[in-house]
Amino acid sequence: MRLKHYQDKVLKELKGYLSALADAKKEFEEVVELKPHLAKHINFPKEAWEKSTGRIAYTSKANGLNEPVPDIYLKVPTGGGKTLLACHAIDNIQKTYLKRQTGLVLWVVPSTQIYRQTIKALKDRNHSYRQTLDISSGGKTLIKEKTEMFNRLDVAEHLVILLLMLPSANRQNKEALKVFRDQGGFTEFFPKEDDVEGNKKLKELIPNLDCFTAEMEVFGTQIKTSLGNTLRVLRPLVVIDEGHRAYSETARDTIRNFNPSFILELSATPPPNSNELVKITGRELHEEEMIKLDIHLTNKASLDWQDTLLASFEKRADLEAKAKEYQQNTGEYIRPVCLIQVERTGKDQRNKKYIHAEDAKEYLIKRCNVPETHIAIKSSEKDDIEGIDLFAQNCEIRYIITKQALQEGWDCSFAYVLTVLTNPSSATGITQLVGRILRQPFARKTKVQDLDECYVFTFRQSAKTLVSEIKSGLEDEGLGDIAGRIVSDEAGTDIGGCKEREMRYRSGFKKFEGKIYLPKFVIQEAESWRDIMFEADILRWINWNDINIDEIKNLSLQNKLSNEQEIILGLSNEEQELLRETGRAEKTGTLEIDLVFLSRQITELIPNPWYGYEIGQKAIDFLQEKFDREIIAANFVFIIEELKKILDKERNRLAEQVFRKMIADKKFYFFLIESKGGFVLPSRIKVKSSKQLVRNDNTPIQKSLFDYVPEENINNFEKSVAIYLDEQEKLLWWYRNMSRQDYHIQGWKRNKIYPDFVAADKHEAKDDYGTVYVLETKGIYLRNEDTKYKQDVFALCNELGAKKAWKELFDEFPDHDFEFQVVFEDEWRNKINELIQ
């Protein structure tokens with residue numbers, strides 16, 4: 001699965017920290033080897049944190065051996081793909097810090113719902129989570145539950161993921177937990193019962209192991225062969241999912257007492273004093289099309305709950321009609337689901353005082369003619385959705401009635417409507433359910449407005465209280481920064497002091513409404529024009545036989561047969577040296593070259609699996625000219641990663657050749673057109689902001705195309721550029737081009753280019769605008785390959801734009817010039833001055 005930009009950002013920050021951590025640990029070990037007494041005075045995770053992040057504040061954590069343990073948080077809001085990030089993070093931590101490819105990972109979740117979802121996905125070899133782990137382990141991944149055994153060879157030769165549920169409730173007696181019970185299945189991790197000396201040495205090495213007897217008793221120390229002790233011996237990498245769900249301190253002590261080598265916590269709202277390495281905002285999720293916005297809130301004036309349920313029924317039916325039309329046009333299936341929150345669900349709780357699940361179900365069936373098979377009840381007593389794939393086209397469920405059972409860990413992006421029938425004084429209210437309707441189907445906008453937004457229906461509640469509850473819910477989901485995207489359908493409601501307003505062009509620019517056209521790369525289809533599509537119009541024409549992977553010949557491989565002994569160091573149940581010898585004996589010859597596996601890993605770059613297989617075979621053949629087959633097998637995952645880098649560069653090179661040839665052959669055009677394939681700047685925009693962009697002297701901006709420009713939609717560098725443009729005498733107007741929704745250019749790479757600004761100067765003779773400037777701003781630190789690509793695309797736009805080939809077909813367009821430019825933070829003023837002379 002292709003990662004989103006914000007997910008790449010998370011992993012980039014993580015890699016930077018891990019690199020610093022690995023260096024700090026190496027220095028720590030070198031110092032301790034010479035001066036062991038200094039070990040307790042060196043906190044290498046803190047040193048790495050300060051070096052990597054530049055931040056001094058760091059909360060130090062220790063494991064059960066009182067050793068410093070790295071413990072970091074990745075703050076990712078609900079709907080941001082925390083589990084996928086966790087899988088990629090495991091890969092990075094294993095390779096960069098722990099220097100291993102196999103070993104044990106303890107994955108901790110807080111609830112049964114999350115446990116079921118996670119274990120199901122991880123065991124599915126076709127799921128992106130499992131595929132990510134398989135790539136990391138070279139196809140050697142084992143998923144285990146706490147009731148399943150594993151042995152030393154499993155851990156030595158596989159990446160073993162052990163899923164464990166640790167509820168937030170305090171555990172008064174840890175002996176009651178199965179994880180601490182003596183289980184014979186783990187005996188090979190420990191000395192034999194009659195090996196008194198072996199038990200004693202292991203206890204000295206790992207003092208926090210649970211034992212049956214005290215050392216001074218007649219039979220000496222006998223270590224329990226429990227799962228808990230096995231974890232302490234193996235020093236697992238620990239992943240804590242939903243860390244904000246208030247795990248008790250007892251539960252956290254339990255985890256730290258497993259002697260983890262690294263603790264990674266993923267949370268939407270990390271608790272105070274957390275080591276928050278990276279923070280992703282709701283806005284970043286929205287820009288990547290991960291969530292549905294706006295949130296439409298309808299607060300029915302009627303005191304009858306039936307009227308509210310009827311309104312939500314009608315809305316869901318309308319959404320389904322639009323979804324069916326969308327499926328006809330795109331082939332993508334969406335079945336909008338309505339979540340209904342009631343006050344009671346218990347079998348013996350139905351009475352006239354409270355709104356019961358059966359009341360809501362009965363109303364839908366009798367008054368709305370909803371088939372009973374379309375309705376499910378989800379409660380502690382009844383679970384009509386257990387084991388059902390809600391995304392399947394043969395699934396009939398359209399209404400899910402619940403009280404609290406969907407508050408945590410339940411994810412279905414088909415959920416569009418939330419109907420709240422609870423008492424306004426209810427403490428739970430909307431707060432804990434609002435996050436369930438935010439996920440966008442397929443993590444991609446449909447471009448059908450109603451299907452890209454979500455809806456909340458309530459009654460008998462004050463608008464102020466509603467907004468406060470929804471904002472609180474968004475903050476709990478890590479989405480507090482998008483709380484302003486609540487649109488009330490109740491007349492006159494002020495959302496947090498900020499109403500949604502529709503903005504039009506300034507009075508002096510109204511003559512340009514609907515007439516500001518921008519050129520795009522298009523292709524003719526029948527008698528019309530459409531946007532170029534990367535897969536259909538570029539990727540399909542690449543001749544994969546032209547792929548040049550000669551660069552793979554320069555790859556340096558190490559004899560990893562000896563290095564892989566280190567994977568077994570975590571076992572440490574006797575003496576390290578003995579374990580190393582065992583590791584050599586057990587690991588030799590266990591890895592192999594799997595070309596089918598390789599071809600699967602490069603399908604995102606080479607969509608044709610046959611070509612992928614041939615390219616993989618060719619790469620292996622090249623390497624076999626220099627290396628033994630055993631060495632290639634030992635480096636197989638590394639080879640795949642390096643091959644993917646080469647293929648990405650080659651695909652871009654060949655895609656550019658296709659793109660430029662299509663232009664030369666007059667199949668691609670850079671045109672201004674008025675039909676479906678063209679682009680015209682919008683004549684109106686919706687604004688829900690309470691803070692307007694102003695000039696540096698606090699006076700209103702004067703030359704923006706629209707009267708109002710929200711300051712929230714612009715970073716500091718872009719703000720400086722916008723204000724500078726606004727102050728240019730020769731400039732007539734400028735427009736803040738919004739990413740993912742406004743003007744874009746499809747080049748020869750998959751992702752579209754969304755420029756930051758569109759501006760125009762004054763025409764010297766006519767009462768019109770003259771040259772149109774399309775500007776992309778970049779910080780100094782972003783001078784990279786992607787920026788070079790944008791510069792190349794813009795250079796081509798300038799070359800083709802100067803020819804104005806569209807004039808041959810469309811005489812009605814005014815004779816405007818266009819200038820495309822990337823401007824950097826260290827030169828933007830000078831560059832803009834050169835452009836607008």
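For this structure, a couple of remarks:
- Residue check, residue 743 within 30 Å of residue 654 (Cβ to Cβ) and surrounded by 14 or more Cβ atoms within 10 Å (Cβ to Cβ): yes
- Helices (runs of 4 or more DSSP H) wholly inside the range 89-161 that include at least 3 residues being closer than 16 Å to residue 241 by Cβ: 112-123, 128-137
- Residue in the range 102-117 that is crowded, with 23+ Cβ neighbours inside 10 Å and of a type in the set (Phe, Trp, Tyr) present: yes
- Some residue of the range 500-520 being under 29 Å from residue 798 (Cα atoms), out of contact with any strand residue (DSSP E or B) (no Cβ under 7 Å at 6 or more places or on another chain), at pLDDT below 85 and assigned to a strand (DSSP E or B): no
- Odd one out for residue 422, checked against (1) open to solvent by 10 Å² or more (accessible area, probe 1.4 Å); (2) farther than 21 Å from residue 321 by Cβ; (3) at pLDDT 65 or above: (1)
- Contacts under 7 angstrom Cβ, first residue in the range 530-554 being under 13 Å from residue 618 (Cα atoms) and open to solvent by less than 50 Å² (accessible area, probe 1.4 Å), partner small (Gly, Ala, Ser) and not in a loop (DSSP other than H, G, I, E, B), 6 or more apart: 549/619; 552/619
- Scanning the range 755-775 for residues that are outside any loop (DSSP other than H, G, I, E, B) and over 15 Å from residue 720 (Cβ atoms) gives 758, 760, 761, 762, 769, 770, 771, 772, 773, 774.
- Condition check for residue 359: buried (at least 18 other Cβ atoms within 10 Å of the Cβ) and of a type in the set (D, E, K, R): yes
- Flag if residue 98 is at pLDDT 85 or above, under 21 Å from residue 71 (Cβ atoms) and either under 24 Å from the mean Cα position of the chain (by Cα) or buried (at least 16 other Cβ atoms within 10 Å of the Cβ) (or both): yes
- Taking each residue of the range 381-395 that is at pLDDT 90 or above and looking for partners that are exposed (fewer than 12 other Cβ atoms within 10 Å of the Cβ) with beta-carbon atoms closer than 7 Å, six or more apart or interchain, yields 395/389.
- The strands (runs of 3 or more DSSP E) located wholly in the range 238-330 that include 1 or more residues which are farther than 30 Å from residue 227 by Cβ occupy 276-279, 295-300.
- Odd one out for residue 60, checked against (1) open to solvent by less than 50 Å² (accessible area, probe 1.4 Å); (2) among the small types (Gly, Ala, Ser); (3) touching a helix residue (DSSP H, G or I) at 6+ places or on another chain (Cβ under 7 Å): (1)
- Scope the range 24-41; condition open to solvent by 90 Å² or more (accessible area, probe 1.4 Å) and either in a helix (DSSP H, G or I) or under 16 Å from residue 69 (Cβ atoms) (or both); matching residues: 26, 27, 29, 30, 33, 34, 37, 40, 41
- Of residues in the range 50-59 being in a helix (DSSP H, G or I) and of a type outside the set (Ser, Thr, Tyr), the one nearest to residue 272 (Cα to Cα): 50
- Residues of the range 729-770 satisfying the condition of being touching a residue at least 60 places away in the same chain (Cβ under 8 Å), polar (S, T, N, Q) and either farther than 19 Å from residue 705 by Cα or in contact with a Cys (Cβ under 6 Å, 6 or more places away or on another chain) (or both): 746
- Selection status of residue 733, over 30 Å from residue 647 (Cβ atoms), open to solvent by less than 40 Å² (accessible area, probe 1.4 Å), not in a helix (DSSP H, G or I) and not basic (Lys, Arg): yes
- The set of residues in the range 640-668 being in a loop (DSSP other than H, G, I, E, B) and buried (at least 19 other Cβ atoms within 10 Å of the Cβ) is empty.
- Test result for residue 47, modelled with pLDDT of 90 or more, surrounded by 15 or more Cβ atoms within 10 Å (Cβ to Cβ), over 28 Å from the mean Cα position of the chain (by Cα) and part of a helix (DSSP H, G or I): yes
- Any hit, the range 618-625, residues being buried (at least 18 other Cβ atoms within 10 Å of the Cβ), more than 18 Å from residue 539 (Cβ to Cβ) and of a type in the set (Val, Ile, Thr): yes
- Criterion violated by residue 259 - all others in (1) at positive phi; (2) touching a Leu at 6+ places or on another chain (Cβ under 8 Å); (3) modelled with pLDDT under 90 satisfied: (3)
- When restricted to residues that are at pLDDT 90 or above and polar (S, T, N, Q), the range 713-749 contains 1.
- Scanning the range 224-237 for residues that are at pLDDT below 90 and either open to solvent by 10 Å² or more (accessible area, probe 1.4 Å) or part of a loop (DSSP other than H, G, I, E, B) (or both) yields 224, 225.
- Within the span defined as the range 100-116, one or more residues are of a type in the set (Lys, Arg) and under 14 Å from residue 237 (Cβ atoms).
- Among the residues of the range 601-616, those that are in a helix (DSSP H, G or I) and surrounded by 13 or more Cβ atoms within 10 Å (Cβ to Cβ) comprise 601, 609, 611, 612, 613, 614, 615, 616.
The values are calculated or read from the model by the stated rules, or taken from the named source; none is laboratory data. This one's a predicted model, so the numbers in the text were calculated from it and none came from an experiment. Glycine also receives a Cβ, built like all others from the backbone with ideal geometry; neighbour counts cover every protein chain displayed. The protein model used for the area step is the full one, side chains on, heavy atoms only, and it has no ligands, DNA or RNA in it. Shrake-Rupley method; radii C 1.70, N 1.55, O 1.52, S 1.80 Å.
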